[in-house]
Amino acid sequence: MSLAVIGMIAGMALGFAGYFGGFGAFLLVAALGAVGFVVGRFLEGDLDIGDLFRTRDDRRR
């Protein structure tokens, strides 16, 4: 599945959540989607958990 199709599905899910559940549901779906994205990238091996918590000075080294 291409990234465009995945983005379209995510946008439709957010639209439905916003329409039927209001702004609070929209924010909840968006936040859980972001968490799911980060967890998915971590499980695929594309993301190192240390990258999220490293300070700016550590990245220069």
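The values are calculated or read from the model by the stated rules, or taken from the named source; none is laboratory data. Note that the structure is a prediction, hence the values are computed from the model and not measured. Positions of Cβ are generated from backbone atoms using ideal geometry, with glycine treated the same way; all protein chains shown enter the neighbour counts. SASA here: full protein model, heavy atoms, side chains in, ligands and nucleic acids out. Shrake-Rupley method; radii C 1.70, N 1.55, O 1.52, S 1.80 Å.
For Phe23, only one of the following conditions fails: (1) of a type outside the set (D, E, K, R); (2) at pLDDT 80 or above; (3) within 16 Å of the chain's Cα centre (by Cα). What is its number?
(3)
Is at least one residue of region 2-9 modelled with pLDDT of 85 or more, assigned to a helix (DSSP H, G or I) and open to solvent by 50 Å² or more (accessible area, probe 1.4 Å)?
As a first pass, look at region 2-9 and keep what is modelled with pLDDT of 85 or more: 9.
Pick out the ones that are also assigned to a helix (DSSP H, G or I) and you get 9.
Remaining after also requiring open to solvent by 50 Å² or more (accessible area, probe 1.4 Å): 9.
Checked region 2-9: at least one residue is modelled with pLDDT of 85 or more, assigned to a helix (DSSP H, G or I) and open to solvent by 50 Å² or more (accessible area, probe 1.4 Å).
Would you be able to tell me the number of residues in region 13-29 that are surrounded by 13 or more Cβ atoms within 10 Å (Cβ to Cβ) and either outside any helix (DSSP H, G or I) or among the small types (Gly, Ala, Ser) (or both)?
Qualifying residue count, region 13-29: 5.
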